[in-house]
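Okay, so here's the structure we're looking at.
The values are calculated or read from the model by the stated rules, or taken from the named source; none is laboratory data. Model, not experiment: these values are computed from the prediction. Virtual Cβ from ideal backbone geometry, glycine too; neighbours counted across all protein chains shown.
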Amino acid sequence: MMIERIRRIYWYLEIIPRLGIWNVFYVLYYRFLLRSGFHKRSFPVQSFGGAGSVYSESPLASSFPEDWKASLMTLADKIIGGHLPYYSYHWMEQPDPPNWFLNPVNGKESVDLIKHWTQIQDFNKELGDIKNVWETSRFSWLGILARAYAVSGKTIYLSTINRWLADWMEKNPVNQGPNWKCGQEASYRVFSLLNAANLMNQADRPSELLVEMIDKHLGRISSNIRYAFAQRNNHATSEAAALYIGGNWLRKVNDSAGARAERYASRGRKALESLVVNLTYEDGSFAQHSVVYHRLFLDTLSLAVYWTRKLDLPDFTPRFYERSRKALHWLFAVCDDSGDCPNLGSNDGTLLMDNHSCDYRDFRPSLQMAATLLENHRLYDAGPHDEPLFWSGNLSDTKKLVSGKRSSSVFLSGYVLMNAGESWAMLRFPYFRFRPAHNDTFHFDLWANGRNLLFDSGSYSYNPDKNSVVPDLKSVHSHNSLSFDGKEQMPRLGRFLLGKWLKPESISEILMTPDGSESWEGSYKDAAGNFHERKIKWSSGRWEIFDQFRGKAAYVEIGFNFDQCEYSIEGDSNTLILPWGRLSVTGEARTTVRNHMASQYYSQSMECYRFIISVKNNSKVTTLINIFE
């Protein structure tokens, strides 16, 4: 036990330089300020003093497509009927106005309503996931109702917006209660409030109450943004963008804001230009190794560029635009033609570019918007994913991208894309400038004809209910990869922290084989000295995975996740027969199928199967995948 504790302390010390020594020291300093009461004194509780309504009546939006309108009105009427969207997937029952402190998943209510935000715990087992409380105060319902009012003119949508916002301000004094705990949550409210003003043509002539709401939210964000910077993730980019956009907007519409608004705007711009470079790899991949966090990052950049033009502000630096375009190209490269992406990495349910009625897992609205803003062309033909362009005034005949979309390539940030015509795959290899969250090294993700055939389990919740039956989806046992002796590839040191970050032993380029196929191979060694080499070879409808392993471990286990369906294992040949194809395993291996679970949306789970290949260490296994035509 003592040896294990010493080992974990060593692992903590080992990764401090990679997290950034000053960032780690600041987090410790920040926690000291919280416990000392300094931050409580620095963030005084204030009431909203303005009177009247946040938004006023406005003319109808013209030329809004009727098929988009039908989908939008269905969503808006759900809200009026007493159900609110959670994570752009669940519809939870709420009273009118909503209970801003309710966790509707378990029916528990926060008891911290009158506490200063600095006195509220990050994780509370009784309350459950605090994100379930925060979700209504992200105001995702606001954009839906504002769009519905703008296209229908029905006053019930506008009156509901104003009544609910008045109730929110009354019950959520500035810096009091759980909904002020996170600066990023305050940023999302800034984005939502300004978006609604824009949708209803009131961004240039706002109410005094809207000005006050934005001003006080920016004060909360600005005074604690250094903590967001220390996280080196989406908190920093979201808060910087909110300061930049909100500060410049405030400076334009309210002369009395003066130097304060200028300070917000200047700090936000400087930070955002720096973060775009410092939190991405050279190929544009974002720090958090997650497709949905990458989308959030790209949406944040799109908002910054859009408001720069709307407010007639100076352009960002050339390097900002260069890295932003690379971020666009990276996400487009890993996006299937269906609009979905591999279920890679952590998922917190955020959908920032939400002026549309498409599914949460449809990445085309964000990609289409970013391409229009950053490169003045479309990536996709016209469709419902164009609705954000309508609301931003960019629904014009911009040039359609006609060049080929996907080719086999290696992203040095840790991804291999493999194109086999009707099917394609992505593989994750270990290259970590930023902290990893999942044990997903050499995860293999397979797609064909718009379907994710072999998939990542995703992530479920940052603080699941104590009675949850969902397994740890960040584990190696939830990815299409390999484990030695059932252990994780990297030891977990905390809820969001892994130790002993893996490094590649070898990584190849895409190679051509004599038979006309393509191939790639790579290898790594874990902290226990176990070695894993994985080689992939592919051609149309045929994939071969060669796994070779050695070390002190007694056995290895390889797994592949697939949908619940009718399947069979063919005799003693270790061949799994599925509706879409077959997986045949060669080598001295035992195979079986187990029940498993996956999550595509935050706080959502679905049952699936996991094909398990068990074999002794110091050997090799070949998995041949044939996709039926």
Does Asn172 meet the test of being within 28 Å of the chain's Cα centre (by Cα) and more than 26 Å from Ala203 (Cβ to Cβ)? no
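Here is a check on your reading of the model: is Ser159 of a type in the set (Gly, Ala, Ser), assigned to a helix (DSSP H, G or I) and under 22 Å from Asn106 (Cα atoms)?
Details: of a type in the set (Gly, Ala, Ser): yes; assigned to a helix (DSSP H, G or I): yes; under 22 Å from Asn106 (Cα atoms): no.
The answer is no for Ser159.
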Among all residue pairs at least 6 apart or on different chains, which show Cβ distances below 8 Å where the first residue, located in the stretch 585-611, is touching a residue at least 24 places away in the same chain (Cβ under 8 Å) and the second is in a loop (DSSP other than H, G, I, E, B) and of a type in the set (D, E, K, R)? Ala598/Asp456; Gln600/Arg361; Tyr601/Arg361; Tyr602/Asp348; Ser603/Asp129
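Within the stretch 559-574, is there a residue that is among the hydroxyl-bearing types (Ser, Thr, Tyr), touching a strand residue (DSSP E or B) at 6+ places or on another chain (Cβ under 6 Å) and within 16 Å of His477 (Cα to Cα)?
We begin by selecting, within the stretch 559-574, every residue among the hydroxyl-bearing types (Ser, Thr, Tyr); these are 567-568, 573.
From the residues that got through so far, the ones that are touching a strand residue (DSSP E or B) at 6+ places or on another chain (Cβ under 6 Å) too are 567-568.
Of the ones still in play, those that are also within 16 Å of His477 (Cα to Cα) are none.
Checked the stretch 559-574: no residue is among the hydroxyl-bearing types (Ser, Thr, Tyr), touching a strand residue (DSSP E or B) at 6+ places or on another chain (Cβ under 6 Å) and within 16 Å of His477 (Cα to Cα).
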When the stretch 3-20 is checked residue by residue, the ones that are over 26 Å from the mean Cα position of the chain (by Cα) and of a type in the set (Val, Ile, Thr) are Ile3, Ile6, Ile9
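Considering only the stretch 573-584, state which residues are outside any loop (DSSP other than H, G, I, E, B), in contact with a Phe, Trp or Tyr (Cβ under 9 Å, 6 or more places away or on another chain) and in contact (Cβ under 8 Å) with a residue 12 or more places away in the chain. Write out each step before concluding.
To start, the set of residues in the stretch 573-584 that are outside any loop (DSSP other than H, G, I, E, B) comprises 575-578, 581-584.
Keeping just the survivors that are in contact with a Phe, Trp or Tyr (Cβ under 9 Å, 6 or more places away or on another chain) gives 576-578, 581-583.
Leu576, Leu578, Gly581, Arg582, Leu583 - these are the residues of the stretch 573-584 that are outside any loop (DSSP other than H, G, I, E, B), in contact with a Phe, Trp or Tyr (Cβ under 9 Å, 6 or more places away or on another chain) and in contact (Cβ under 8 Å) with a residue 12 or more places away in the chain.
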Cβ-Cβ below 9 Å, separation at least six or inter-chain, first residue in the stretch 551-563 and free of Cβ contacts under 8 Å to residues at least 40 places away in the same chain and not assigned by TED's automatic domain parsing to the domain that holds Asp526, second small (Gly, Ala, Ser) and surrounded by fewer than 22 Cβ atoms within 10 Å (Cβ to Cβ): which pairs? none
In the stretch 418-467, which residue that is of a type in the set (Asp, Glu) and more than 16 Å from the chain's Cα centre (by Cα) is surrounded by the most Cβ atoms within 10 Å (Cβ to Cβ)? Asp440
Output the qualifying pairs, or none if there are none: Cβ atoms under 7 angstrom, residues six or more apart or on different chains, first residue in the stretch 18-42 and more than 30 Å from Lys503 (Cβ to Cβ), second residue among the small types (Gly, Ala, Ser) and at pLDDT 85 or above. Ser42/Ser223
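Every residue, every condition in (1) closer than 18 Å to Ser603 by Cα; (2) surrounded by 22 or more Cβ atoms within 10 Å (Cβ to Cβ); (3) at pLDDT 95 or above; (4) assigned by TED's automatic domain parsing to the domain that holds Asn172, yes or no:
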site: Thr118; (1), (2), (3), (4): no, no, no, yes
site: Gln121; (1), (2), (3), (4): no, no, no, yes
site: Trp134; (1), (2), (3), (4): yes, no, yes, yes
site: Phe139; (1), (2), (3), (4): no, yes, yes, yes
How many of the residues making up the stretch 554-574 are at pLDDT 95 or above and in contact with a Lys or Arg (Cβ under 9 Å, 6 or more places away or on another chain)? 8
Given the options Lys500, Lys535, name the one that is part of a strand (DSSP E or B) and either of a type in the set (Asp, Glu) or surrounded by 17 or more Cβ atoms within 10 Å (Cβ to Cβ) (or both). Lys535
Being assigned to a helix (DSSP H, G or I) and free of Cβ contacts under 8 Å to residues at least 24 places away in the same chain is the filter here; which residues of the stretch 310-330 pass it? Pro318, Glu322
Considering each residue of the stretch 105-124, count those that are assigned to a loop (DSSP other than H, G, I, E, B) and free of Cβ contacts under 8 Å to residues at least 60 places away in the same chain, and give that number. 4
Quick one: in the stretch 443-469, of everything that is assigned to a strand (DSSP E or B) and charged (D, E, K, R), which residue is nearest to Arg594 (Cα to Cα)? Asp445
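Between Arg205, Arg226, Arg267, Arg263, which is outside any helix (DSSP H, G or I), basic (Lys, Arg) and surrounded by fewer than 20 Cβ atoms within 10 Å (Cβ to Cβ)? Give the derivation first.
Values: Arg226 fails: outside any helix (DSSP H, G or I); Arg267 fails: outside any helix (DSSP H, G or I); Arg263 fails: outside any helix (DSSP H, G or I).
Going through Arg205, Arg226, Arg267, Arg263 in turn, just one is outside any helix (DSSP H, G or I), basic (Lys, Arg) and surrounded by fewer than 20 Cβ atoms within 10 Å (Cβ to Cβ): Arg205.
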For residues that are assigned to a helix (DSSP H, G or I) and among the hydroxyl-bearing types (Ser, Thr, Tyr), scanning just the stretch 289-309, find the one that is nearest to Asp359 (Cα to Cα). Tyr293
Filter result (over 27 Å from the mean Cα position of the chain (by Cα) and not in a loop (DSSP other than H, G, I, E, B)) within the stretch 482-497: Phe484
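Out of the residues in the stretch 538-557 that are of a type in the set (A, V, I, L, M) and part of a strand (DSSP E or B), which is nearest to the chain's Cα centre (by Cα)? Please lay out each step first, then the result.
From the stretch 538-557, those of a type in the set (A, V, I, L, M) are 545, 553-554, 556; that's our starting set.
Adding the requirement that they be part of a strand (DSSP E or B) leaves 545, 556.
Values: Ile545: 29, Val556: 31 Å.
Looking at residues that are of a type in the set (A, V, I, L, M) and part of a strand (DSSP E or B), I get Ile545.
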Go through (1) at pLDDT 95 or above; (2) surrounded by 22 or more Cβ atoms within 10 Å (Cβ to Cβ); (3) of a type in the set (A, V, I, L, M) one by one and return the number of the condition Ile130 breaks. (1)
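So that you can scan it fast, the table gives a plain yes or no per residue for (1) crowded, with 22+ Cβ neighbours inside 10 Å; (2) in contact with a strand residue (DSSP E or B) (Cβ under 9 Å, 6 or more places away or on another chain); (3) assigned to a helix (DSSP H, G or I):
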position: Gly339; (1), (2), (3): no, no, no
position: Leu367; (1), (2), (3): yes, no, yes
position: Phe390; (1), (2), (3): no, no, yes
position: Ser407; (1), (2), (3): no, yes, no
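If a residue has to be outside any helix (DSSP H, G or I) and either under 27 Å from the mean Cα position of the chain (by Cα) or not aliphatic (A, V, I, L, M) (or both) to count, how many in the stretch 49-94 make the cut? Walk me through it before giving the result.
So in the stretch 49-94, the residues outside any helix (DSSP H, G or I) come out as 49-65, 81-94.
Now drop any that are not either under 27 Å from the mean Cα position of the chain (by Cα) or not aliphatic (A, V, I, L, M) (or both), which leaves 49-50, 52-53, 55-59, 62-65, 81-94.
Adding up the residues that qualify gives 27.
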Mind counting the residues in the stretch 427-442 that are in a loop (DSSP other than H, G, I, E, B) and touching an Asp or Glu at 6+ places or on another chain (Cβ under 6 Å)? 1
Being surrounded by 11 or more Cβ atoms within 10 Å (Cβ to Cβ) and either among the small types (Gly, Ala, Ser) or farther than 15 Å from Leu493 by Cβ (or both) is the filter here, so list the residues in the stretch 1-21 that pass it. Gly20
